[in-house]
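A quick write-up on the structure given underneath.
The values are calculated or read from the model by the stated rules, or taken from the named source; none is laboratory data. For clarity, every value in this text was computed on a predicted model and none was experimentally measured. Cβ sites come from the backbone with ideal geometry, for glycine too, and all protein chains shown count toward neighbours. Protein only, heavy atoms only, side chains kept; ligands, DNA and RNA dropped before computing areas. Shrake-Rupley method; radii C 1.70, N 1.55, O 1.52, S 1.80 Å.
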Amino acid sequence: VVRQMLRGWPAERLIWWSCLPEHGPRFGQKVSKHYCAAIPPKLFPHRRLTRLKAKALALLWAPRATGHLSRALSTAEADAVWAIPHNWAILPLSGALSRSRTGTHVTVQDYVDVHGQQRKFGLTLCQRMAALADEIYFTATTRDATSHPMLDDLKLRTGAGGEQMLHAGVEDDDLSMLRTLRAEEHGEIRI
């Protein structure tokens, strides 16, 4: 979706901020600068001690990431910010965007309280992140989401209507990228 929306936009006019480092061509969008407030891998709540790690991220990493994003926004002097509030990006986005005077467009692609996140992050933190995501959506200058039911739900919950539904599709570039990938041979398949 990001590649489709930014297609044709001059890379020298794009600045990217994220909490996950981009390795390889996964993202595939050229930008002039990439700021990253990387989540320490050992603190990422995957399998073990997920609630403890989630609390540590919320208490220790998120305030630092908020400052990092605020400095990036100040340095960039952007004309507009496009925010996608997803999981751990929600906490720094909420803090930094509330202080920013730059117009913001928000795309909601998914909710934080799905995919077992409540079990991993804990109900209280998950509810807090969901409320912050709703606030980011409500205070945005413009907004969209990836389905009509999601737009309806967001309007019901926040009172702010989305201007459009964001369609995503497979493009020729996506298919050409698949042609360049080589299948790796493995001696065994481990499950």
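Here are some notes:
- Each peptide in 13-20, 70-77, 53-60 receives the mean, over its residues, of other Cβ atoms within 10 Å, and ordering these scores from highest gives 13-20, 53-60, 70-77.
- Alpha-carbon Rg/Rh ratio, for segment 1-128, with Rh computed the Kirkwood way: 0.97
- Sum of side-chain charges, Pro41 neighbourhood, beta-carbon under 14 Å (Lys, Arg +1; Asp, Glu -1): +4
- Placed amide H near Trp17: partners under 5 Å, 5+ positions off or other chain: Tyr35
- Carbon and sulfur %, accessible surface of segment 1-129 computed with the full protein complex present, 1.4 Å: 55
- Cut-off 11 Å (backbone N to label point 7 Å along Cα→Cβ of Met165), residues of segment 101-129: none
- At full extension, Leu59 and Gln127 could sit 22.9 nm farther apart than now, given 0.36 nm per residue minus the alpha carbon distance.
- 1.4 Å probe accessible area per residue over segment 1-114, in Å²: 61
- Scalar couplings 3J(HN,Hα) for segment 90-100, obtained by applying the Karplus form with A = 6.51, B = -1.76, C = 1.60 to θ = phi - 60°, are 4, 4, x, 4, 4, x, 6, 5, 5, 9, 7 Hz; x denotes Gly and Pro.
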